1. Would a scan of the range 337-356 turn up a residue that is under 30 Å from Thr230 (Cα atoms), away from ligand 3 (no atom under 14 Å from the Cβ) and touching a Lys or Arg at 6+ places or on another chain (Cβ under 7 Å)?
2. What are the residues in the range 360-369 that are assigned to a helix (DSSP H, G or I) and either touching a strand residue (DSSP E or B) at 6+ places or on another chain (Cβ under 8 Å) or more than 10 Å from ligand 3 (Cβ to nearest atom) (or both), if any?
3. Within the range 335-359, track down each residue that is part of a strand (DSSP E or B) and either within 6 Å of ligand 2 (Cβ to nearest atom) or of a type in the set (Lys, Arg) (or both).
4. In this structure, is Ala288 under 32 Å from the mean Cα position of the chain (by Cα) and either in contact (Cβ under 8 Å) with a residue 60 or more places away in the chain or within 16 Å of ligand 1 (Cβ to nearest atom) (or both)?
5. Just give me the residues in the range 146-162 being touching a strand residue (DSSP E or B) at 6+ places or on another chain (Cβ under 9 Å) and either at pLDDT below 95 or outside any helix (DSSP H, G or I) (or both), in sequence order.
6. Could you check, for the range 265-284, whether at least one of its residues is among the charged types (D, E, K, R), farther than 23 Å from Ser241 by Cβ and either out of contact with any helix residue (DSSP H, G or I) (no Cβ under 6 Å at 6 or more places or on another chain) or near ligand 3 (Cβ under 9 Å from one of its atoms) (or both)?
7. Quick one: Ser136 ticks every box in (1) among the small types (Gly, Ala, Ser); (2) modelled with pLDDT of 95 or more; (3) farther than 27 Å from Val11 by Cα except a single one, so which number is it?
8. All but one of (1) touching a Ser or Thr at 6+ places or on another chain (Cβ under 8 Å); (2) surrounded by 20 or more Cβ atoms within 10 Å (Cβ to Cβ) hold for Ala40, so report the exception by its number.
Amino acid sequence: MNMTAELGGLVLRNPVMVAAGPWSGSAEGVRKCIEAGAGAVVTETIAMETYPILHPYLHAQGTQFFNVKLYSHQYLEQWENGLAALDKDGARLICSIWGETASEVRYLAACVERMGADAIELSLSAPVGSRYRSYSTYPERTAKIVEAAVKAADLPVFVKLPYEACFFPEMLQAIYDAGAKVVTAIECLKGLSGVDLENKQTFMPTFGGYSSENIRPISLAATAMLKQYTPFQICSCGGISTARHALESIMLGASATQLASAIHIGGYEVIGHVLHGLEDWMEQHDHAGFSEIRGAALSSLRPFEDIRPRPVRAKLLKPCAMDCNICRLGCIYDAITRQEDGSIALNQKACAGCGYCLARCPEKKFAWDWI
Ligand SMILES: Cc1cc2nc3c(=O)[nH]c(=O)nc-3n(C[C@H](O)[C@H](O)[C@H](O)COP(=O)(O)O)c2cc1C
Ligand code: SF4
Ligand code: SF4
């Protein structure tokens, strides 16, 4: 089986990439990712200056993951020295850069080319602090910095998209026309973990990046939309932590996938788990390579306007006397009631076919009746 993936003219040994972040915040971090099997590693974003690290920089609550870490705290020279000694061992090195102006981007792009980068990933924004708006809402400014990176180095340029840029046609056109043919989607969303009511203060000291599994549906939508409506090659990023997640992205059109928070949560070994899970699935399903499944699920995704509605009603498959009440409370059409004998009853005439009871009943007691 061929595990390789092609991205911006580069052949990757496999499509499991590591996204920009502290896990790839030094040559040592990059080495760990390579050793764990990554097809390519994107460095934490390298900028002209280093930014102070707020402590703590992570705010995690259950499955919610927030960070207030802004770019790499290593100086350019530290990157230069560290990467000079890096053994890429067949993996690709992608340097993420952020520049305030086109000339900064030009300078950084040339620097990372000298450091041995195989590609550049250009950061447009970070959801930490006020920079969030600086590029992602201005197509002309974005075009200038993309063009600066494209012209400064003889390397493929990937552009890391914040969520809102994925659905902004003028922005996408500007990026494409400026010469970038690969996009990574998505960056963290801007988030706040909550408010401490007793002390009347936010848990986080500033807005931060919201990432991890809860943002996966959003990154999946971005991948599918970009594949359906743009000519870009796509690196899917956002909430990916298992082989199954990576396969979903590929079936929605991604050429490769990037792991981020999953590494902070599960360690570098997550990379190997995803990779081996992918290999196993491909073998079990007798696929010779990812081109056989890339975009395979897109034909099931149609514009809303093209779908012909089919009336449907829920039916109760088996009597239920359990007292969980999930179905009754969530049926806003009052089609589900509890009878005097304690059992659940369904009035099909009142059912609006919303699907809530089918989706949520833990005992799978409901099914569809097509009308
Ligand atoms: C702690 C942390 C630091 C990050 N730093 C960067 C960064 O320097 N540059 C960048 O482009 N993205 C950065 N990201 C964003 C990730 O690369 C990724 O786009 C985002 O976390 C969504 O993926 P996930 O849901 O799998 O974590 C960072 C994310 C986290 C959690
Ligand atoms: S499908 Fe929706 S409307 Fe119909 S019974 Fe279930 S929850 Fe109620
Ligand atoms: S959700 Fe399912 S298990 Fe719970 S009361 Fe309704 S039918 Fe019974």
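The values are calculated or read from the model by the stated rules, or taken from the named source; none is laboratory data. For clarity, every value in this text was computed on a predicted model and none was experimentally measured. Note that each Cβ is placed from the backbone with ideal geometry, even for glycine, and that neighbours are counted across all protein chains shown.
1. Kept after step one, since they are under 30 Å from Thr230 (Cα atoms), are these residues of the range 337-356: none.
Scanning the range 337-356, I find no residue that is under 30 Å from Thr230 (Cα atoms), away from ligand 3 (no atom under 14 Å from the Cβ) and touching a Lys or Arg at 6+ places or on another chain (Cβ under 7 Å), so the answer is no.
2. Of all residues in the range 360-369, those assigned to a helix (DSSP H, G or I) come to 360.
None - no residue of the range 360-369 is assigned to a helix (DSSP H, G or I) and either touching a strand residue (DSSP E or B) at 6+ places or on another chain (Cβ under 8 Å) or more than 10 Å from ligand 3 (Cβ to nearest atom) (or both), so the list stays empty.
3. Just the residues of the range 335-359 that are part of a strand (DSSP E or B), to begin with: 336-338, 344-346.
Correct list: Ile336, Arg338, Leu346.
4. Numbers: under 32 Å from the mean Cα position of the chain (by Cα): yes; either in contact (Cβ under 8 Å) with a residue 60 or more places away in the chain or within 16 Å of ligand 1 (Cβ to nearest atom) (or both): yes.
It is true that Ala288 is under 32 Å from the mean Cα position of the chain (by Cα) and either in contact (Cβ under 8 Å) with a residue 60 or more places away in the chain or within 16 Å of ligand 1 (Cβ to nearest atom) (or both).
5. Ala153, Leu155, Pro156, Val157, Phe158, Val159, Lys160, Leu161, Pro162 - these are the residues of the range 146-162 that are touching a strand residue (DSSP E or B) at 6+ places or on another chain (Cβ under 9 Å) and either at pLDDT below 95 or outside any helix (DSSP H, G or I) (or both).
6. Step one: list which residues in the range 265-284 are among the charged types (D, E, K, R), which gives 269, 279-280, 283.
Now restrict to residues that are farther than 23 Å from Ser241 by Cβ: none.
Within the range 265-284 (the criterion being among the charged types (D, E, K, R), farther than 23 Å from Ser241 by Cβ and either out of contact with any helix residue (DSSP H, G or I) (no Cβ under 6 Å at 6 or more places or on another chain) or near ligand 3 (Cβ under 9 Å from one of its atoms) (or both)), the answer is no, since none of the residues qualifies.
7. The single condition Ser136 does not satisfy is (2).
8. Result: Ala40 fails condition (1) only.
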